[in-house]
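Take a look at the structure below.
Read the figures in this text as sums done on the coordinates, not as results from a lab. Bear in mind that the values here come from a model prediction, so they are computed numbers and not experimental data. Glycine gets a Cβ as well: all are built from the backbone with ideal geometry, and neighbour counts include every protein chain shown.
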Amino acid sequence: MAGIEKRTGPRGTTYRVYWREGGGRAGARDSETCDDKGTARRFKGLVEAGGERRPGGYPKGCR
């Protein structure tokens with residue numbers, strides 16, 4: 001299951017979406033940074049819908 005981590009730094013607040021490839025404990029950890037919580041939630045949904053794999057398209061605001 002993917003998760004969202006709030007990160008606050010000198011440039012403001014971002015949200016990191018993290019998951020393990022394939023969803024298993026043995027999968028490599030991967031992540032993507034999004035500009036706001038709503039975008040992070042949408043990206044998390046794409047990751048989960050894609051079987052815990054990096055999706056082909058990114059919502060605007062993720063990098």
How would you order 25-32, 10-17 from highest to lowest mean count of nearby Cβ atoms within 10 Å? 10-17, 25-32
At 10 °C and 1.306 mPa s, grab the translational diffusion coefficient of the chain from Stokes-Einstein with a Kirkwood Rh over Cα pairs, rounded to a whole number in µm² per second. 137
With each pseudo-label sitting 7 Å past Cα toward Cβ, what's the ASP35-ARG20 distance in nm, one decimal? 3.3
With the dipole of the chain defined by +1 on each Lys or Arg Cβ and -1 on each Asp or Glu Cβ, the option from ALA28, LEU46, PRO59 whose Cα lies farthest towards the positive pole is PRO59
Explain nothing, just the number: dipole magnitude of the chain about its Cα centre with +1 on each Lys and Arg Cβ and -1 on each Asp and Glu Cβ, in debye rounded to the nearest 20. 140
